[in-house]
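The values are calculated or read from the model by the stated rules, or taken from the named source; none is laboratory data. Just so we're clear, the structure is a prediction, and the values are computed from it rather than from any experiment. With ideal geometry, Cβ positions are generated from the backbone for all residues, glycine too; neighbour counts draw on all protein chains shown. What goes into the accessible areas is simple: the full protein's heavy atoms, side chains included, and nothing from ligands, DNA or RNA. Shrake-Rupley method; radii C 1.70, N 1.55, O 1.52, S 1.80 Å.
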Amino acid sequence: MVESDPSHDESTAESKSNENSTTELQGKIIRQVEYYFGDFNLVKDKFLQEQIKEDDGWVPLTTLLTFNRLSYLCKDSKEIVEALEKSTSGLIEIHDSKEKIRRSPNLPLPEMNEDRRKQLMERTVYCKGFPRDSKLNDLLEFFYKYGEIENVAMRSWNDKAANEWKFKGSVFVIFKTVDGAEKFLKLESVKYKDEELIKKWQKDYIEEKRKERLESRMKHGKKSKGQESKKDGNKEEGESKVEGKEDAKDDEEEEKEENDGFATGTVVELTGLDSAVKWDNIKETIEEMGLSVAFIENISTEVAFVRLSNKDAASELAKLVAADDNKLKIGDKELNVRVVEGEEEATYLEKQKATLMKKRNAAQKRKAMNKKGRGGRGRNRGKWDNRKRRGTSPAGQPPSKIKPEVSDSNSKKVISPTNKSTKIIYCIYKQTYFHFEII
């Protein structure tokens, strides 16, 4: 039995009364809890999914209070329940004990597939112009003023010198509906702290970046990733004072930093291959779409895994593919694309790291052995210095040549001496076998 029944019809007057009586803090609590159990977060929140499996979907409030963003708002479970009782979305059910909550079984979680990603993209907006020290709480409060939203993703790049991820000043905002996103984009002016924001559809932004990257590759030719990243990074650094170049610089820095590592959100699985589809065909097709390929692993003739260079590039590839009938077309083949996420991606990346480290260690070992010399190699190659030889030849000279015994012309076997007291020495010099006696 539950406290709230989402199937129960409330009157409009009662809904408005509840809404009007909701305090600002209660509104924030409702939004945060409904985000946890919402369509966007729950489908990828592995921890919360495990909790849901334990008790028919019920999650103790004590567990939810371990989440930083909720505990920052409120640490009292009773206050959280009081706030959720005023929610009108019907997403959350409250247990009789008022000690645990769950997502309503009447609202099943949508499957995260290509159709779902395409739907999300249709109501996602790109916004740029925020201060680099912005906080997520402030951005959420800002966008809530423009309608219902599902998520705000702060775009960042990895500054390896400082060993931290830094905000780029731009975000992706997923609105609750397509109409809500369109209404926001139609606004003539949107400012954040007196700064005019650049806003556009996410799909338009991705297409623009794809074209920019493709043009950059065409301009600089077929260079190695390190050379291209260094050249482009230096160019952007020199032009960083020019207005409008800052975002391009960040993109190049991000690409340069991540090409040497294992960024997350970079792995996709391709199925539907055959022996006619080679790895270079896959690489060429994906890079023509403006994305950089770091590694391709052919598991079999039918399945391959592709690791892209830049963070979250896998979702960008999926969105580009979704706009083309959900197929990656290589020649006359149409491949299925699946983004590898969560624990599966983490396991795959760890395996790739281990493989790479093994190869590096082997290469370093070979290099060290080559320096030391092996099998006659090295600085003393072909010299007799400091080598022990039989006989009393002068230092630095090979043993003196002594005329070998005469061999039978009809046989290759050397005739052995008959005198038993004679010492016999066998040696090989310059691939020639010598047999001589010392009296």
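Length gained on full extension, GLU207 to ALA276: 21.9 nm, using 0.36 nm per residue less the C-alpha separation. Structure shown: which of LYS53/LYS75; LYS46/LYS78; LYS168/LYS327; LYS135/LYS219; LYS193/LYS219 lie over 29 Å apart, alpha-carbon to alpha-carbon? The pairs that break the limit, which is 29 Å between Cα atoms, are LYS168/LYS327; LYS135/LYS219; LYS193/LYS219. Multiplying the residue separation of ARG116 and GLU50 by 0.36 nm and removing their Cα-Cα distance gives an extension gain of 21.5 nm.
For region 310-371 and region 113-167, what is the centre-to-centre distance using only Cα atoms, to the nearest Å? Comparing the Cα centres of region 310-371 and region 113-167, I get a distance of 25 Å. Taking θ as phi - 60° and the Karplus parameters 6.51, -1.76 and 1.60, the scalar couplings of region 52-59 work out to 5, 5, 7, 9, 6, x, 6, 10 Hz in sequence order, x denoting glycine and proline. The share of accessible area on region 267-347 that comes from carbon and sulfur is 45 percent, using a 1.4 angstrom probe. Overall, region 134-221 carries a charge dipole of about 400 debye about its Cα centre when +1 sits on the Cβ of Lys and Arg and -1 on the Cβ of Asp and Glu, all other atoms neutral. Rounded to two decimals, the Cα-based Rg/Rh of region 267-347, with Kirkwood Rh, is 0.92.
Taking Cα centre as origin and charging only the Cβ of basic (Lys, Arg, +1) and acidic (Asp, Glu, -1) residues, the dipole magnitude of region 43-197 rounds to 500 debye. Per-residue 3J(HN,Hα) values for region 307-317, derived from phi via the Karplus relation 6.51 cos²θ - 1.76 cosθ + 1.60 with θ = phi - 60°, read 9, 8, 7, 9, 4, 6, 5, 4, 5, 5, 5 Hz in sequence order (x marks Gly and Pro). The figure for LEU25 is an accessible area of roughly 70 square angstrom, using a 1.4 Å probe on the protein chains alone. The H on the amide N of SER292, modeled in the peptide plane, is under 5 Å from the matching H of SER309, ASN310, each at least 5 residues off or on a different chain.
The figure for ARG69 is an accessible area of roughly 70 square angstrom, using a 1.4 Å probe on the protein chains alone. For the residues MET289, MET154, a 1.4 Å probe over the protein chains yields an accessible-area ranking, largest first, of MET154, MET289.
Ranking THR62, THR266, THR22, THR177 by solvent-accessible area of protein heavy atoms (1.4 Å probe, all protein chains present), from largest to smallest, gives THR62, THR177, THR22, THR266.
Solvent-accessible area of MET218, all protein chains in place: 150 Å² (probe radius 1.4 Å, heavy atoms, ligands and nucleic acids excluded).
A 1.4 Å probe over all protein chains sorts SER156, SER300 by accessible area into SER300, SER156, starting with the largest. Between VAL178 and LEU214, the contour length at 0.36 nm per residue exceeds the Cα-Cα span by 10.0 nm. Pairs over the 23 Å Cα-Cα cut-off, from the set LYS28/LYS176; LYS160/LYS311; LYS44/LYS145; LYS283/LYS329; LYS118/LYS329; LYS203/LYS329: LYS44/LYS145.
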